[in-house]
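Some notes on the structure that comes next.
The values are calculated or read from the model by the stated rules, or taken from the named source; none is laboratory data. Since the structure is predicted, the reported quantities are computational estimates derived from the model, not experimental observations. We place every Cβ from the backbone using ideal geometry, glycine too, and count neighbours over all the protein chains shown. The protein model used for the area step is the full one, side chains on, heavy atoms only, and it has no ligands, DNA or RNA in it. Shrake-Rupley method; radii C 1.70, N 1.55, O 1.52, S 1.80 Å.
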Amino acid sequence: MLEVKDLHVSVDGKKILKGLNLTINAGEVHAIMGPNGAGKSTLSNVIAGRDGYEITSGSITYKNDDLLEMSPEERAWAGVFLAFQYPVEIPGVNNTYLLKAGVNAKRKHQGLEELDAFDFMQTVKEKAKLVELDPSFLSRSVNEGFSGGEKKRNEIFQMAVLEPSLALLDETDSGLDIDALRIVAGGVNKLRSPDKAIVMITHYQRLLDYIEPDFVHVLADGVIQKTGDKSLAVELEKHGYDWVKENK
Amino acid sequence: MSVLTQTRQDALNLFEKLGLPTQRDEDWKYTDASRLKDLLEPTPVDENIHIKDMGITGLDAYRMVFINGLFAEAESNLPEGVSILSLAELEKNSVGDDAEGIAKLFTVDTQAPLINGFNAYNAAKASDGAVIILADHAILTKPLYILHISNQSNVIRHSFMIGQHAQAEIIEHFISTGDNKALSNSCSFVALKAEAHLEHSRIQQEGDKQSHVARVQVKQCKKSSYTFHGVELGAALSRTDLVVNLHGEGASCDLNGLFVLGGRQHADHHTRIDHKAPHCTSRELYRTVLDGRSHGVFNGKVLVHEGAIKTDSNMSNGNILLSKNAEIDTKPELEIYNDDVKCAHGATIGQLDDKQLFYLRSRGISAEAAQELLTFAFADEVLVAMRNQTVRSYVEKAAFAKLPHSDDLEEMLGS
Ligand SMILES: Nc1ncnc2c1ncn2[C@@H]1O[C@H](COP(=O)(O)OP(=O)(O)OP(=O)(O)O)[C@@H](O)[C@H]1O
Ligand SMILES: [Mg+2]
């Protein structure tokens with residue numbers, strides 16, 4: 001589904017990713033861990049199409065298309081979704097309205113009819129229930145005045161409505177309380193399917209108890225240093241990142 | 001000479017003394033009023049205006065219509081038991097002691113801030129206006145919608161006197177027909193007694209050859225509250241002086257302004273809030289969205305007087321320039337003469353936020369629609385404070401129509 005090859009990315013002349021390789025197949029769940037500032041958010045932003053990153057070499061192929069040639073909205077239409085580490089507040093833009101616009105833009109692009117307003121609201125309510133998002137959040141401005149945890153929950157709610165093929169969750173677990181973590185993880189698990197892939201960026205092994213990954217990667221110094229299964233996360237928790245670098 | 005005639009004559013003398021403001025006046029630095037000189041004279045009613053279906057439709061309100069500055073009684077619908085009168089009628093029928101009271105309605109307070117020649121001219125030559133006297137404890141059960149329609153120069157002068165504990169909502173709407181070059185010169189005087197409340201909207205939507213000069217002067221007694229919504233969508237040139245005197249302890253005002261301009265439009269609001277008593281609150285939010293070669297001017301001055309302790313004042317002005325030829329001059333000013341106050345003010349001029357744009361696009365909204373959506377949301381935030389949803393959605397639609405918008409966005413907002 002996603003093939004990142006020898007990716008080099010700089011920001012303001014500073015090299016962040018230095019030849020990163022990553023292959024993700026449909027049906028898989030990947031976890032990416034790594035020290036602060038390693039470039040995890042950079043990778044997810046580059047996949048989602050954010051400006052301001054200089055891609056000096058390498059390629060990203062998504063479902064046989066050159067992802068780097070696509071605009072952020074085209075990527076969204078093709079099924080790429082990023083749950084942001086720091087979701088931005090957008091006063092004046094209604095949460096439900098944003099989703100409706102997003103869903104319909106995608107449908108239009110796929111040559112489908114717009115969703116009937118009633119059907120759309122049914123879906124929205126159902127998905128809000130899935131992540132136990134209070135319905136009052138539906139009519140509020142996007143993330144405005146939401147607590148840190150509420151913003152994260154709202155990201156997963158949006159993911160549930162938009163039904164992406166490739167979901168990148170950038171530290172969605174950070175800032176969630178214990179119950180919220182369980183609920184959000186439950187929501188993510190319900191979205192697992194053989195034709196979808198999930199990439200979770202996280203600092204905590206705890207999340208992986210709820211959402212079991214097929215692969216765990218360690219990103220440090222701009223490349224994937226090590227790849228393993230769930231047990232790698234346990235080892236990391238015990239030994240820290242220096243251990244990875246020493247035991248490549 | 002009767003006291004009324006004398007008062008009018010005094011105003012005319014004052015006008016002759018003051019003349020029209022020039023750009024050498026600090027308060028008129030950015031607005032050239034000289035071209036309005038020949039448009040001052042009010043022209044009587046033109047019977048050719050067809051007013052059916054004009055203005056805000058579907059509004060459940062009492063209604064007062066002014067055509068070229070004259071009250072059109074036949075088009076109006078006024079509540080019973082509330083004193084809502086025509087200034088011209090009052091003037092015509094005034095005798096003896098009455099006349100003195102009515103003369104007061106034409107008196108120019110030369111000590112008030114931002115007084116200018118237009119204001120003096122208004123007092124001298126006003127054709128008509130609404131005089132509203134709401135008794136203590138009275139509640140106007142429906143909003144009063146004052147629709148001004150013009151195709152000629154007009155001079156209009158309103159007085160809104162709201163009694164103790166009384167409440168009202170007044171919407172002034174200005175539209176024009178035809179494409180005459182004409183000037184509307186409008187003054188509204190607001191007096192709020194103790195614990196009175198008024199929500200006051202002014203929606204200026206005149207034609208693109210028209211000019212509009214306005215003064216809104218508010219005096220607030222103890223614990224009264226005043227909410228203002230000033231919307232500038234129309235006219236080639238418009239200027240409003242909004243002067244609020246927080247005179248009684250615990251009074252509060254909430255001033256909201258929105259300009260959506262394009263082409264060569266020019267709009268200027270000078271606002272002045274005087275905190276004269278303790279424990280008063282003022283909040284001001286002004287936003288402009290400027291396209292084409294349009295020019296916006298915002299000057300917001302808050303003056304906290306000695307003794308006005310526990311003043312709480314917050315002013316914010318945001319501006320978005322959609323074209324590189326659009327221009328904004330903004331100046332929030334704060335003068336404080338005591339220590340015990342909480343004041344914040346600031347202005348921003350900018351393009352849209354990159355992070356917000358990316359967020360919307362990452363959810364599948366096209367770059368173009370995302371920009372338009374954020375622009376609309378930016379403007380719409382000023383309108384959130386508007387409690388009347390019919391008026392708000394009317395203004396939203398009118399503002400939206402003036403903003404660049406693709407079919408995509410129209411579809412999205414429409415459905
Ligand atoms: N816009 C930018 N301007 C300057 N430096 C940037 C910018 N974006 C990222 N960086 C730098 O790139 C490096 C990688 O940042 P990134 O956000 O990808 O790290 P991360 O792995 O997600 O870290 P964390 O675990 O703390 O979220 C950091 O040193 C960061 O300061
Ligand atoms: Mg990060």
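For the peptides A:52-60, B:247-255, residues were scored by their other Cβ atoms within 10 Å and the scores averaged per peptide; the highest-first order is B:247-255, A:52-60.
Under 8 Å for C-alpha pairs, at least 6 residues apart: give me the relative contact order for the stretch A:92-225, rounded to a whole percent.
Working: 124 pairs, mean separation 30.7, N = 134.
Computed over the stretch A:92-225, the figure is 23 percent.
The angle between the Cα long axis of helix B:367-383 and the main principal axis of chain B comes to about 30°, on a 0 to 90 degree scale.
For peptide A:72-84, compute the average count of partner chain beta-carbon atoms within 10 Å of each residue's beta-carbon. Each step should come with its number before you reach the end.
Details: counts 12, 11, 3, 3, 6, 2, 1, 0, 2, 3, 4, 1, 4.
Mean shielding by partner chains, rounded to a whole number: 4.
Normalised by the number of residues in the stretch B:307-386, the average gap of Cα pairs under 8 Å and 6 or more apart makes the relative contact order 31 percent. Spacing of the modelled spin labels on residue A:243 and residue B:16, each 7 Å from Cα toward Cβ, amounts to 9.6 nm.
Charges were assigned to the Cβ only: +1 to each Lys and Arg, -1 to each Asp and Glu. The resulting dipole of the stretch B:355-415 about its Cα centre is roughly 280 debye.
Return the Rg/Rh ratio of the stretch B:3-350 with Cα-based radii and a Kirkwood Rh. Don't jump to the answer; show the numbers that get you there.
Values: Rg = 19.3 Å, Rh = 20.4 Å.
Ratio of gyration radius to Kirkwood radius for the stretch B:3-350: 0.95.
Could you list the trypsin sites (Lys or Arg not before Pro) in the stretch B:234-290 that lie in coil according to DSSP, counting only those with at most 14 other Cβ atoms within 10 Å of their Cβ?
Details: sites: B:239, B:264, B:272, B:276, B:283, B:287; in loops: B:264, B:276.
Filter output for the stretch B:234-290: B:264.
Peptides A:63-75, A:83-95, B:388-400 ranked from most to least packed give A:83-95, B:388-400, A:63-75, packing being the mean of other C-beta atoms within 10 angstrom over each peptide's residues. Judged by the ratio a/c of the largest to the smallest principal axis of the C-alpha gyration tensor, the stretch B:34-101 counts as oblate, that ratio being 1.5 or greater while a/b is no larger than b/c.
Between amide H atoms placed 1.01 Å from N, distances below 5 Å from residue A:93 occur with A:142, all of them 5 or more places distant or on a separate chain.
In chain A, the longest principal axis of the Cα atoms and the axis of helix A:178-191 are about 80 degrees apart. First check a/c for the stretch A:1-94, with a ≥ b ≥ c the square roots of the eigenvalues of its C-alpha gyration tensor; if it is under 1.5, answer rounded, and if not, answer prolate when a/b is larger than b/c or oblate otherwise. Rounded, because the longest to shortest axis ratio a/c is under 1.5.
May I ask you to give the solvent-accessible area per residue for the stretch B:3-350, in square angstrom, as obtained with a 1.4 angstrom probe? Intermediate values should be presented prior to the final figure.
On the way: 13890 Å² over 348 residues.
Per residue, the stretch B:3-350 has an accessible area of 40 Å².
For the stretch B:355-415, a Kirkwood radius taken over Cα pairs fed into Stokes-Einstein (4 °C, viscosity 1.567 mPa s) yields D = 106 µm²/s. Shape call for the protein assembly as shown from the C-alpha gyration tensor, a ≥ b ≥ c root eigenvalues: rounded (a/c under 1.5), prolate (a/b greater than b/c) or oblate? Taking the square roots of the gyration eigenvalues as a ≥ b ≥ c, the protein assembly as shown is prolate. If you take the Cα centroid of the stretch B:132-196 and the Cα centroid of the stretch A:225-239, the two points sit 72 Å apart.
Summarising the amide proton neighbourhood of residue A:196: residues at separation of 5 or more, or on other chains, whose placed amide H is nearer than 5 Å comprise A:27.
Put a dot 7 Å past the Cα of residue B:34, heading toward its Cβ, do the same for residue A:204, and the two dots end up 7.0 nm apart.
Based on protein heavy atoms only, the stretch A:2-246 ends up with 43 Å² per residue of surface accessible to a 1.4 Å probe. The charge dipole of the stretch A:59-186, taken about its Cα centre with unit charges on the Cβ atoms of Lys, Arg (+1), Asp and Glu (-1) only, comes to about 200 debye.
Averaged over the residues of A:16-23, the number of partner chain Cβ atoms lying within 10 Å of the residue Cβ comes to 0. Return the percentage of antiparallel bridges among DSSP beta bridges fully within the stretch A:2-246, rounded to the nearest 5 %. Around 60 percent antiparallel, to the nearest 5.
B plus A alone minus the pair: what accessible area, both sides summed, probe 1.4 Å, in Å² to 100? Buried area (both sides, nearest 100 Å²): 2300 Å². Using the Karplus relation 6.51 cos²θ - 1.76 cosθ + 1.60 with θ = phi - 60°, the per-residue 3J(HN,Hα) values for the stretch B:97-107 come to 4, 3, 4, 5, x, 5, 4, 4, 5, 10, 7 Hz, with x marking Gly and Pro. Protection proxy ranking for B:205-212, B:85-92, using the average of other Cβ atoms within 10 Å per residue and placing the highest first: B:205-212, B:85-92. Of the beta bridges in chain B, as assigned by DSSP with both residues counted there, near 5 percent are antiparallel.
Mean partner shielding of peptide A:2-13, defined as the number of other chain Cβ atoms within 10 Å of each residue Cβ, is 0.
In whole Å, how far is the Cα centre of the stretch B:209-238 from that of the stretch A:149-203? Each part's Cα centre sits 49 Å from the other's. Phi angles of the stretch A:89-98 translate, via the Karplus equation with coefficients 6.51, -1.76, 1.60 and θ = phi - 60°, into HN-Hα couplings of 8, 10, x, x, 10, 5, 4, 5, 4, 4 Hz per residue; Gly and Pro are given as x.
Placing unit charges on the Cβ atoms only, positive for Lys and Arg and negative for Asp and Glu, gives the protein assembly as shown a dipole magnitude near 580 debye about its Cα centre. For chain A, the relative contact order is 27 percent, taking Cα pairs closer than 8 Å that sit 6 or more residues apart in sequence and dividing their mean separation by the residue count.
Counting only DSSP beta bridges with both residues in the protein assembly as shown, the antiparallel share comes to about 15 percent.
Starting from the 7 Å offset along Cα-to-Cβ, what nm value, one decimal, do you get for the label separation of residue B:78 and residue A:66? Once both label points are built, they end up 7.4 nm from each other. For the pair the stretch A:1-65 and the stretch B:62-97, the centres of their Cα atoms are 71 angstrom apart. Across the accessible surface of the stretch B:355-415, with the other protein chains kept in place and a 1.4 Å probe, carbon and sulfur atoms take up 49 percent. Burial here means at least 40 square angstrom less accessible surface with every protein chain in place than with the chain by itself, probed at 1.4 Å; in the stretch B:343-361 the buried residues are B:355, B:356, B:358, B:359, B:361. Here the sum of -39500 (n - 2.57) over DSSP H runs of 4 or more residues, divided by the residues of the protein assembly as shown, equals -8500 deg cm²/dmol at 222 nm, to the nearest 500.
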